[in-house]
Amino acid sequence: MTSNASSSVRGLLLFPGAGASRDAPALVALDRALADEMTVVRADFPYRREGRKAPDRPAKAIACVREEAALLADRADIAPATVALGGRSYGGRMCSMAVAEGLPAAALVLIAYPLHPPGKADRMRVEHFPDITVPCLFVSGTRDPFGAPDEFVAHNGAIGGPVTHVWVEGGRHDLKGRDDEVAATVRDWLRGL
C-alpha cells in the first residue's frame, strides 16, 4: 500500500445498502480503486452477519459503525480521525448518523443516500445533518426515487462541513452499471482532501 501524502484520509470504511452485503459490486469497485492508496475495509451490519433480512435499528447499526471504525484504525495503526466512513444507501446513512453523534472521521462518502423513502418526500432523513461537520461527498443518480438533486441541494445546506454533490445522469438508486465511474469519483474526491 502506498500513501497519498496530499490526502488527510488514511483509511476507508464502507457499509452496504440494506439489501446487500459487504461483497456488493459497488463496494468491491471502491475497494479495488482505493486499496493501493489507503486501508479499505468493507463491513456488514449485525443483521447480515446473523442471517436476518430486516436491517438493524439505527442504535445497533451505529454501534457497529463505531466498533468497525475503531478496529480499522487500530489494525492499520492510524488515527480514527483519518478514516473516511460511508457506503451505499442505508450503510452511508448509518455512518452519517454515527458521525453526527460524534464519531471521529476524516469525511463521509454517501452513495445513493436515501434522503427519504420513495414517494414520501415528507419523511426526510436529515434531522442529524446540522451535527455533521466533516467534508461530505454525495453521489446520487438524477432519477433516484430516494432523493432528487433539488431535494439534496435544499437540505444539504444544513450540513456544517463542505458538501460535494456528484450526479450520475439518468442513474436510479442502484446506479446499475456505474460502479467503476462512482469508484473513480470517490477516489478523486478523497485524493483532494
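Readers should treat all values here as calculations from the given coordinates under stated rules, not as data from a laboratory. This structure is a prediction, so every number in the text was calculated from the model and none was measured. When we count neighbours, we look across all protein chains shown, and the Cβ atoms used for this are built from the backbone with ideal geometry, even at glycine.
Name the trypsin sites (Lys or Arg not before Pro) in the range 15-53 that are in a loop by DSSP and that have at most 14 other C-beta atoms within 10 Å, would you?
Hits after loop and neighbour filter: ARG52, LYS53.
In whole percent, what relative contact order does the range 11-191 give with Cα contacts below 8 Å and a gap of six or more residues?
Relative contact order, the range 11-191: 20 percent.
Can I get the semi-axes of the chain's equivalent ellipsoid? Compute them from the C-alpha gyration tensor as square roots of 5 times the eigenvalues, in angstrom, largest first.
So the three semi-axes of the chain are 23, 19, 17 Å.
Name the most mobile residue of ARG172, ARG88, ARG75, meaning the one with the largest mean-square fluctuation, in a Gaussian network model of the chain with Cα contacts below 10 Å.
ARG75
Name the GluC sites (Glu not before Pro) in the range 134-193 that are in a loop by DSSP and that have at most 10 other C-beta atoms within 10 Å, would you?
Numbers: sites: GLU151, GLU169, GLU181; in loops: GLU169.
Answer in residue order: GLU169.
At most 15 other Cβ atoms within 10 Å and a DSSP loop assignment: could you name the trypsin sites (Lys or Arg not before Pro) in the range 89-132 that fit?
Of the trypsin sites (Lys or Arg not before Pro), the ones in loops of the range 89-132 whose Cβ has at most 15 other Cβ atoms within 10 Å are LYS120, ARG123.
In terms of the ratio Rg/(2.2 N^0.38 Å) built on C-alpha atoms, what value belongs to the range 37-83?
So the range 37-83 has a normalised radius of gyration of 1.28.
Name the residue farthest towards the positive end of the dipole of the range 11-191 from the options VAL153, ALA26, LEU103, assuming +1 on Cβ of Lys and Arg, -1 on Cβ of Asp and Glu, about the Cα centre.
ALA26
Anyone know which of VAL163, VAL153, VAL109 comes out most mobile in the 10 Å Cα GNM of the chain?
Top of the fluctuation ranking is VAL153.
Under 1.5 on a/c is rounded, so check that first for the range 100-193, then, if it is not, pick prolate when a/b is larger than b/c and oblate when it is not; a ≥ b ≥ c are the square roots of the alpha carbon gyration tensor eigenvalues. All intermediate terms of the calculation are to be shown ahead of the outcome.
Working: a/c = 2.06, a/b = 1.06, b/c = 1.94.
Because a/c hits 1.5 or more and a/b fails to exceed b/c, the range 100-193 counts as oblate.
Name the long-range amide H neighbours of ALA18: under 5 Å, sequence gap of 5 or more, or other chain; modelled H, no Pro or chain starts.
The answer is TYR90, GLY91.
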